[in-house]
1. Do you know which of the residues in the stretch 661-706 that are farther than 18 Å from Asn719 by Cβ and under 24 Å from the mean Cα position of the chain (by Cα) is modelled with the lowest pLDDT?
2. Residue check: is Glu437 modelled with pLDDT under 95 and under 39 Å from the mean Cα position of the chain (by Cα)?
3. Among the residues of the stretch 350-380, count how many are part of a helix (DSSP H, G or I) and out of contact with any Lys or Arg (no Cβ under 8 Å at 6 or more places or on another chain).
4. Out of Ile236, Ile201, which single residue is β-branched (Val, Ile, Thr), touching a strand residue (DSSP E or B) at 6+ places or on another chain (Cβ under 6 Å) and modelled with pLDDT of 90 or more?
5. Which of the helices (runs of 4 or more DSSP H) contained wholly in the stretch 301-349 include at least 2 residues that are under 26 Å from Glu125 (Cα atoms)?
6. Looking only at the stretch 563-607, count every residue that is modelled with pLDDT under 90 and closer than 20 Å to Met682 by Cβ and tell me the total.
7. Based on what the data block shows, is Leu150 of a type outside the set (Ser, Thr, Tyr) and at pLDDT 95 or above?
8. Please verify whether Arg433 is without any contact (Cβ under 8 Å) to a residue 24 or more places away in the chain, among the basic types (Lys, Arg) and more than 23 Å from Ala538 (Cβ to Cβ), treating the condition exactly as stated.
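The values are calculated or read from the model by the stated rules, or taken from the named source; none is laboratory data. Everything numeric in this text was worked out from a predicted model, so none of it was measured. Virtual Cβ from ideal backbone geometry, glycine too; neighbours counted across all protein chains shown.
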Amino acid sequence: MIAGKEIEIMDIISPDDFNSGRCFQLRGGSSATPSSSQSARKSFSNPFKSVCKPSSKDNRQNDFQNCKPRHDPYAPNSLVMPRPDKNHQWMLNKNCFPIVDVVIDPHLVHHLRPHQKEGVIFLYESVMGMRMSGRCGAILADEMGLGKTLQCISLIWTLQCQGPYGGKPVIKKTLIVTPGSLVKNWKKEFQKWLGSERIKIFTVDQDHKVDEFIKSTLYSVLIISYEMLLRSLDQIKNVKFDLLICDEGHRLKNSTIKTTSALISLFCEKRIILTGTPVQNDLQEFFALIDFVNPGILGSLSSYRKIYEEPIIKSREPSASEEEKELGERRAAELTCFTGLFILRRTQEIINKYLPPKIENIVFCRPAALQIELYQKLLNSQAVRFCLQGLLENSPHLICIGALKKLCNHPCLLFNSIKEKKCSSTCDKNEERSLYEGLLKVFPADYDPLLFTETDSGKLQVLTKLLAVIHELRPMEKVVLVSNYTQTLNVLQEVCKRHGYAYTRLDGQTPISQRQQIVDGFNSKYSTDFIFLLSSKAGGVGLNLIGGSHLILYDIDWNPATDIQAMSRVWRDGQKHSVHIYRLLTTGTIEEKIYQRQISKQSLSGAVVDLAKTSEHIQFSVEELKNLFTFHESSHCITHDLLDCMCTEDLTDDSLEKCAVSRHCQLGPQYQKSDSLKSLSMSQLKQWKHFSGDNVNLTDPFLERIRGNVSFFFQNITNQATAE
Ligand SMILES: [Zn+2]
């Protein structure tokens, strides 16, 4: 008797079944095993004809005549989908149609990379219910740049024309839901891979309503933004879609939000979520995504919490007992194994080998005299002192950090801020006023920020020289110039004008409707633009800037993801030239500190980086603030100092030539290939090439030109073997 109830023990659960959590699942105790394509093929060797009603001889002949594969499965390089196994046939081929090979259109196969072929097979098996009986959902979580779109297009085109049973097409209509900024991009991709004749695509916008799609029989694919979907949900519900693809699907984090419930309300069994971020970091989001593509597969949310979420979270707490740790690990492992059947995640690493060389440079620029003077003044201000003593309640450290960052970009930006504060009569922030106290006196009396001189900023000087040498040595190549701030972009734009460089610009103010046009214009080989001015915040995930092969990150963000994303816009599939990346940092200043924080913190956690997180969300200890607000005027590179690297220590005259390059800075070749999307760690940085600005061994013609203003370089070359 337990709590007044009579209990009968019917069976004993094995510790293994309990620890893994398998015994709680509806499927009973069997562990999930993927039906690999090979085993599927094997079991086909004897399809059970006996169950089928024998059709008349004529009919059968007819059937077989119509049932040839659409493309030759035996042609060299053909990509043939796995055949369904007996169980699948028994469930879904009630009419006993002959089995026909599903063969991907050779026109597409020609363009598919090995990992994309794998991805197409994965998607095919998933939506056909071949990976898990009765389940037709999948999550494709490939990192940006791996061609999720092409994999989906291949799947749609295949299923729309072919099927394993009698060659009958599996789907008629497909719905693709995507962020508004990517609607046009999807259509373009369809045209790129399939042309405009094979398949008719309908995109919903102001001028093209869903009605039009419904009335016409021409179109088989509807592409719509999440916003438009909500607005036209009633009409869309009336259409029978056979395949639903949700691009940037991590938006469906929560099953209670409107978009998700709208999508759930659509009757469509075959569902695919596309996302570029790992899905397993937040267990609740994970449930929402899984439950969307394969409803109910993890049971109810409350049982999921009890069986998986709670033990897993508990096991990760520092206070967890050994028992709790083991249980949590087992449950996590089982969850991964089970859901792994319909989740595919690959990182960019797998295509790096096909990309042209990437030369990454971290360039430490000597601050200009005016910058040094202002920097020291700022650090000696009352506001900064109060910050460090933790005296102010609303500690104005963010304002101080902002002022220092502006100064590093160019003193004229700081000048503008001071002027703004002076002019605004409503300014009641004493701290901010005290921060700027006496700074104006440092500027020349007739200082005009619009007429800024380039020599007043170390980084700007390096930039102008860099642009000049690229223009001179690589007249056919283009530059993507990135900043986090619109005001800085204005300064950079002015530099373009002064030097007569043709440029184009995309920032937060650029209307979404124009963005694609600007990007296409720049990428076109007919474009005369030399420079693409980009606000890193104006992002948009699909922004592809392979027209540029030199990327200059003018300033640094707290969040490494912002910069990593910028880099991957250029070094990605389709890039024809060697890619040069320059990260400009002002030596000894807060920019170096932010950079160090990027590479140390991020490598520790190894977790996903949330693009939404900015400096406002970062908590600083007084100790950290002290470090941030210290200026290392005499160091060539405090980042290098921190590495404990010996390469520059004995810089005597005769060892000068041998230093840096020849020493342990080039340890193993295994460190040479860095994953472009993982952030760099301190220890990796140690493996890069180190050059001090006065190093005589600089062979890079671009670095050679700017060395006069540079105190230190780090350089790393990826894919050097595949020379230009
Ligand atoms: Zn070194």
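1. Ser679
2. No, not satisfied.
3. 12
4. Numbers: Ile236 fails: touching a strand residue (DSSP E or B) at 6+ places or on another chain (Cβ under 6 Å).
Answer to the selection: Ile201.
5. Working: elements: 301-304, 310-316, 322-339.
So the answer is 322-339.
6. Count: 15.
7. Yes, satisfied.
8. yes
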